[in-house]
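K.L.:
I am attaching a structure below and will ask some questions about it afterwards.
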Amino acid sequence: DATINKSHMIISRLYRKFEEYKEGRYLNGEDFSKINLPARNPASLVPKVNERKFARKVVVTKAQITKLISYSDESLAETIKALYWMRLRPSDLSRITRSNVDFKNMVITGIQNKTITTKNPSGVPYRVAMTEEIAALVIRRIETFKPGAKLFPFKAVRFRWKRVRELAEM
């Protein structure tokens, strides 16, 4: 659905640009006044898809998390626990380093990478309150990894995750 809407937007914008070029007549020495364009924007003839109607609603229960963890190696189990407890996107979790952790205020801060756009180049900041379980997990990770290293690296996680899901039959 998102692909359909993106194609719709591209066609619409291309038509509008060619319309502007035709009105302006010349662009970089090329005569655009002779371009044949449809009377109406072709994108206006096709309705956009309502993406929200088809949005995924995935809820993972505590029992399913426990089952996944039981089939995981130690590193993947800690990553699954962190994803479940912190409610972060995997890409945001994978960027957390020691500098993102504030033990004094018991929070993990960062920038949500999904929201980094040309209009919002710095992204939307997030703050995750640390429970004792998260703090213990993060301390273990800080002691294990080199200073400045990512605390939850996603190395070969796709294959390990696929195997765990198959074993847990999810």
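The values are calculated or read from the model by the stated rules, or taken from the named source; none is laboratory data. None of the values given here were measured: they were computed from a predicted structure. Ideal geometry is used to build each Cβ from the backbone, glycine not excepted, and the neighbour counts take in all protein chains shown. Keep in mind that these areas ignore ligands, DNA and RNA; they rest on the heavy atoms of the full protein, side chains included. Shrake-Rupley method; radii C 1.70, N 1.55, O 1.52, S 1.80 Å.
K.L.:
Do you know which residues across the range 114-142 are open to solvent by less than 50 Å² (accessible area, probe 1.4 Å) and under 17 Å from A77 (Cα atoms)?
P.N.:
Within the range 114-142, I134, A135, A136, L137, V138, R141, I142 meet the criteria.
K.L.:
Inspect all residues belonging to the range 159-169 and state whether any of them is more than 23 Å from Q64 (Cβ to Cβ) and either open to solvent by 50 Å² or more (accessible area, probe 1.4 Å) or touching a residue at least 12 places away in the same chain (Cβ under 8 Å) (or both).
P.N.:
Of all residues in the range 159-169, those more than 23 Å from Q64 (Cβ to Cβ) come to none.
Looking through the range 159-169, none of the residues is more than 23 Å from Q64 (Cβ to Cβ) and either open to solvent by 50 Å² or more (accessible area, probe 1.4 Å) or touching a residue at least 12 places away in the same chain (Cβ under 8 Å) (or both).
K.L.:
Please verify whether F145 is open to solvent by 50 Å² or more (accessible area, probe 1.4 Å), of a type in the set (F, W, Y), at negative phi and over 19 Å from the mean Cα position of the chain (by Cα), treating the condition exactly as stated.
P.N.:
Numbers: open to solvent by 50 Å² or more (accessible area, probe 1.4 Å): yes; of a type in the set (F, W, Y): yes; at negative phi: yes; over 19 Å from the mean Cα position of the chain (by Cα): yes.
Against the criterion (open to solvent by 50 Å² or more (accessible area, probe 1.4 Å), of a type in the set (F, W, Y), at negative phi and over 19 Å from the mean Cα position of the chain (by Cα)), F145 qualifies.
K.L.:
Another question, then. Output the residue which, of all residues in the range 54-86 that are among the hydrophobic types (A, V, I, L, M, F, W, C) and not in a helix (DSSP H, G or I), is modelled with the lowest pLDDT.
P.N.:
Going residue by residue through the range 54-86, those that are among the hydrophobic types (A, V, I, L, M, F, W, C) are 54-55, 58-60, 63, 65, 68-69, 76-77, 80, 82-83, 85-86.
Filter once more, so that each one left must be not in a helix (DSSP H, G or I): 55, 58-60.
Working: A55: 61, V58: 68, V59: 73, V60: 80.
Ranking the qualifying residues of the range 54-86, first place goes to A55.
K.L.:
Give all pairs with beta carbons closer than 6 Å in which a residue from the range 57-83 that is at negative phi and touching a residue at least 24 places away in the same chain (Cβ under 8 Å) meets a residue that is of a type in the set (D, E) and surrounded by 13 or more Cβ atoms within 10 Å (Cβ to Cβ); count only pairs at least 6 apart in sequence or on separate chains.
P.N.:
If the second residue must be of a type in the set (D, E) and surrounded by 13 or more Cβ atoms within 10 Å (Cβ to Cβ), no pairs are left.
K.L.:
Checking I111 against (1) touching a strand residue (DSSP E or B) at 6+ places or on another chain (Cβ under 7 Å); (2) open to solvent by less than 60 Å² (accessible area, probe 1.4 Å); (3) not small (G, A, S), only one condition comes out false. Which one?
P.N.:
Condition (2) is where I111 drops out.
K.L.:
While we're here: Any residue at all in the range 38-49 that is touching a Phe, Trp or Tyr at 6+ places or on another chain (Cβ under 6 Å) and either under 30 Å from Y15 (Cβ atoms) or modelled with pLDDT of 90 or more (or both)?
P.N.:
Quick first cut of the range 38-49, residues touching a Phe, Trp or Tyr at 6+ places or on another chain (Cβ under 6 Å) only: 41.
Now restrict to residues that are either under 30 Å from Y15 (Cβ atoms) or modelled with pLDDT of 90 or more (or both): 41.
Yes, the range 38-49 contains a residue that is touching a Phe, Trp or Tyr at 6+ places or on another chain (Cβ under 6 Å) and either under 30 Å from Y15 (Cβ atoms) or modelled with pLDDT of 90 or more (or both).
K.L.:
Restricting the range 55-108 to residues that are basic (K, R) and in contact with a strand residue (DSSP E or B) (Cβ under 9 Å, 6 or more places away or on another chain), which is most open to solvent (accessible area, probe 1.4 Å)? Even if it seems obvious, please write down each step before you answer.
P.N.:
Here is the first cut: in the range 55-108, the ones basic (K, R) are 56-57, 62, 67, 81, 87, 89, 95, 98, 104.
From what is left, the residues that are in contact with a strand residue (DSSP E or B) (Cβ under 9 Å, 6 or more places away or on another chain) are 87, 89, 95.
Working: R87: 165, R89: 86, R95: 84 Å².
Step by step, filter the range 55-108, then rank; the result is R87.
K.L.:
Here's something else I'd like to know. Name the residues in the range 130-170 that are over 21 Å from N105 (Cβ atoms) and of a type in the set (S, T, Y), would you?
P.N.:
Of everything in the range 130-170, just one residue is over 21 Å from N105 (Cβ atoms) and of a type in the set (S, T, Y), namely T144.
K.L.:
Are there any pairs with C-beta distances below 7 angstrom linking a residue in the range 23-44 that is open to solvent by less than 100 Å² (accessible area, probe 1.4 Å) to a residue that is outside any loop (DSSP other than H, G, I, E, B) and among the hydrophobic types (A, V, I, L, M, F, W, C), with the two at least 6 apart or on different chains, and if so which?
P.N.:
Qualifying pairs under 7 Å: I35/F18; L37/F18; P42/I11; A43/I11.
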